[in-house]
Amino acid sequence: MRWSKTLIPTLKEVPADAEVVSHKLLVRAGFIRQISRGVYDYFPLALKVIRKIETIVREEMNRAGAQELLMPISCPAELWQESGRWDYYGKELMRFKDRNERDFCLGPTHEEIVTDLVRRSVRSYRELPLNLYQIQTKFRDELRPRFGLMRGREFIMKDAYSFHTDIDDCRREYDNMYQTYRRIFSRLGLSFRPVEADTGAIGGSQSHEFQVLAESGEDAIVSCNSCDYAANVEKAEVKSERPAGREISQESPKLEKVTTPGKKSVPEVAEFLNLPADKFIKTLVYKTDNDEPVVALVRGDHEVNELKLRTVLRCRDVILADETSVAAATGVAPGYLGPIGLKLRIVADLSVQGMCGAVTGANEANAHFVQVDQERDFTPSTFADLRLAVSGDACPRCEKGKLESHRGIEVGQVFYLGTKYSEKMGATFLDAEGREQPIQMGCYGIGISRLVAAAIEQNHDANGIIWPFSIAPFQVLILPINYKEERLRDAADMLYQELQQRGVEVLLDDRDERPGVKFKDADLVGIPLRVTIGAKGLDKGCVELRWRRDGKTDDIPVGSAAKDIHSLITQAVQA
Ligand code: ATP
Ligand code: MG
């Protein structure tokens, strides 16, 4: 393509609302524009990248035995009511009515639609297994759409759903998809990590996320420095450790109340009493689904993992109570709460079990207890793993490893669903003995448009994007220093044609712009290989090759340029 005939509206200014690099660069390099919050136009270069990602995803999904189909975006409410998610999904589900007042939603994910499709078309075990996928626009009315294509409200997803006669076959397909995802993200040229994950609104019992490692990632993940355990911190288990000192069977010193005027938070009281944070027990009041206040205890240096708390309390939501409701529920000013004598349901993290010599609020303003002995002074209704894993924790899987923290961008997730949807929606098959059985299911998503952003987060420098070869909008950029000069134009046009004939994807910067502008734009847009054609080079019969990634340059003879570039690209694509 010719640059002059392509819509590449590059900008000099960084967009004010863009926080992360990929968002800034995608807008500046003329790939996307926002039309409403979290909804974007994809300009031609962006669409080329998306199509390339889709092609790799399709090739690998087809190779893995999945079949592509296309389901509707507008989904009737009845199916969502059958699964129970019409109510459960909340505000993220974009709902609307048709002219006859019937309820619909814009599909945020398609378990209901595909389960309905399969129950209407599959009868016998002979027709299973099946893996059906689509690549489609999804809509989720996200609370905080941000970071450009990373968290949009409208975005492109590959979603796949598999159907099986039994658990073993479903697990086999889960592994098959897991391996397929590894291949896909490797071919995309990304550095990624599969991690154990929570199942969220999709549900099911086992799940892995594929995380592209990047500082700007919204997800916190931990991995073992010794074995291959890795998990989203939401999910990461914490090995229970008995607090040091408990083994020594000695009587604790007497409980003592001390005044802590105006000192509320753990750091404040810790500084005031000159004690380390891990000697504290933090007392937090949460509200559950039915507004019941529940107290969660964690050590002063730990944080509550709300997902774990939800699981322990068996409720859908837990919300940290605000100061007014804490005071209303306990009669104590926030900051001075403690478990001793508190008449509320208390759940405590495993690390609180057996703590002695600890500090807690004294349930009256400006006072704390010191020398708290959990076993002697208070008894929670449950001890459970409630806290967020942190870097340095012992690995929950192996003996010697320690956890390390990273940030990641979730680009894909695989779920073992079991019969969650098939039982609710009556998706059954007849087994060999003619008995009716619920179908076992798995589902597998990839964020196609989010991948565009993730690739840039991992591949950029101060001057712009550096596309991995496999998803670059073009492989080669031809940049004549002055396209108006006949000699340069002829050489550029000739190379452009020859490269195209060889099947190379090439963009020709035929604009009447100053060389400086062209070079800047070339770096910004990030095409992996640049061919500069200038008068000095041509005098020596040469053009200049420059790799965007490392800036290495090379002069090659103009006569064999097309052939040489073609073979370089073939090597790069195979690498
Ligand atoms: P997240 O936790 O980031 O909200 P999710 O776990 O809800 O995502 P899934 O239901 O697993 O998302 O969707 C499959 C894939 O779709 C995700 O792995 C992610 O790559 C992509 N995706 C999900 N939500 C968005 C979004 N708002 N914008 C862009 N891509 C998204
Ligand atoms: Mg997910």
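The values are calculated or read from the model by the stated rules, or taken from the named source; none is laboratory data. The shown structure was predicted, so the numbers you read here are calculated from the model rather than taken from an experiment. Every residue, glycine among them, receives a Cβ derived from its backbone with ideal geometry; neighbour counts consider all protein chains shown. The accessibility values were calculated without ligands, DNA or RNA, using every heavy atom of the protein model including side chains. Shrake-Rupley method; radii C 1.70, N 1.55, O 1.52, S 1.80 Å.
Computed quantities for the displayed model
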{"read-out": "Student exercise, segment 461-537 dipole from Lys, Arg, Asp, Glu Cβ charges, in Debye to nearest 20", "value": "160 debye"}
{"read-out": "Rounded if a/c under 1.5, otherwise prolate or oblate - segment 297-371, Cα gyration tensor axes", "value": "oblate"}
{"read-out": "Net charge dipole size for the chain [Lys, Arg +1 and Asp, Glu -1 on Cβ; Debye, nearest 20]", "value": "1060 debye"}
{"read-out": "Qualifying lysines (Cα of each under 20 Å from Cα of K254; at least 8 residues distant if same chain)", "value": "K279"}
{"read-out": "5 angstrom amide H check on K282, placed H, neighbours 5+ away", "value": "V298, R299, G300"}
{"read-out": "Nonlocal amide H pairs with A365, under 5 Å, H built at 1.01 Å", "value": "A333"}
{"read-out": "Unpaired by the 4.7 Å Cβ criterion, cysteines found in the chain", "value": "C75, C105, C170, C315, C356, C443, C542"}
{"read-out": "Segment 117-174 - charge dipole about Cα centre, Lys and Arg +1 at Cβ, Asp and Glu -1, debye rounded to 20", "value": "260 debye"}
{"read-out": "Calculated FRET efficiency for the pair A575/A327, C-beta based, R₀ 56 Å, to 0.05", "value": "0.30"}
{"read-out": "Per residue value of the accessible surface for the chain (all protein chains in place, 1.4 Å probe), Å²", "value": "46 Å²"}
{"read-out": "Potential extension, T199-E544 segment - 0.36 nm per residue separation minus Cα distance", "value": "119.0 nm"}
{"read-out": "Beta bridges by DSSP in the chain, antiparallel share as percent, to the nearest 5", "value": "80 percent"}
{"read-out": "Spacing of the two label points (7 Å from each Cα toward its C-beta) at L47 and Y178, in nm", "value": "3.9 nm"}
{"read-out": "Inter-site label distance for K484 and L7 at 7 Å from Cα along Cβ, in nm", "value": "2.8 nm"}
{"read-out": "Whether segment 195-237 is rounded, prolate or oblate, judged on the alpha carbon gyration tensor where a/c under 1.5 counts as rounded", "value": "oblate"}
{"read-out": "Ellipticity estimate at 222 nm from DSSP helix runs (n ≥ 4, -39,500 (n - 2.57)) divided over the chain, nearest 500", "value": "-8500 deg cm²/dmol"}
{"read-out": "Centre separation in Å (Cα based) which lies between segment 332-393 and segment 503-572", "value": "66 Å"}
{"read-out": "Modelled FRET efficiency - R0 25 Å, R33 with D461, Cβ distances, 0.05 increments", "value": "0.60"}
{"read-out": "Dipole axis of segment 3-94 (+1 Lys, Arg; -1 Asp, Glu on Cβ), positive-most option in A29, P72, Y88", "value": "A29"}
{"read-out": "Solution diffusion estimate, µm²/s, Stokes-Einstein, the chain, Kirkwood Rh from C-alpha pairs, 4 °C, viscosity 1.567 mPa s", "value": "47 µm²/s"}
{"read-out": "Percent accessible area from carbon and sulfur atoms, segment 459-575, protein chains only, probe 1.4 Å", "value": "49 percent"}
{"read-out": "Long-range amide H partners of C395 with built H, under 5 Å", "value": "G401, K402, L403"}
{"read-out": "Protein accessible area in segment 334-449, 1.4 Å probe - carbon and sulfur %", "value": "47 percent"}
{"read-out": "Computed label-point distance, nm, for sites S560 and S265 using a 7 Å Cα→Cβ extension", "value": "6.7 nm"}
{"read-out": "Carbon + sulfur, % of accessible area of segment 91-136 - ligands and nucleic acids excluded, 1.4 Å", "value": "49 percent"}
{"read-out": "Estimated vicinal HN-Hα couplings, Hz - segment 255-266 in sequence order (Karplus 6.51, -1.76, 1.60; Gly, Pro = x)", "value": "4, 9, 9, 10, 8, 9, x, x, 9, 10, 6, 3"}
{"read-out": "Sequence-distant lysines (8 or more away, or on other chains) whose Cα lies within less than 26 Å of K484", "value": "K5, K12, K518, K520, K536, K540, K563"}
{"read-out": "Computed P(r) (all Cα pairs; segment 397-439; 5 Å bins; percent)", "value": "5, 15, 11, 12, 12, 10, 8, 9, 10, 7, 2"}
{"read-out": "Where GluC sites (Glu not before Pro) fall in DSSP loop in segment 8-84, at most 14 other Cβ within 10 Å", "value": "E13, E19"}
{"read-out": "Residue-span extension gain [E399 to S567] - 0.36 nm each, minus C-alpha spacing", "value": "55.5 nm"}
{"read-out": "Cα-based equivalent ellipsoid of segment 230-341: semi-axis lengths in Å, sorted from largest, via gyration tensor", "value": "25, 22, 13"}
{"read-out": "Distance from segment 177-234 to segment 419-488 (C-alpha centre basis), Å", "value": "15 Å"}
{"read-out": "Which of V20, G503, V212, positive extreme of dipole for the chain (C-beta unit charges)", "value": "G503"}
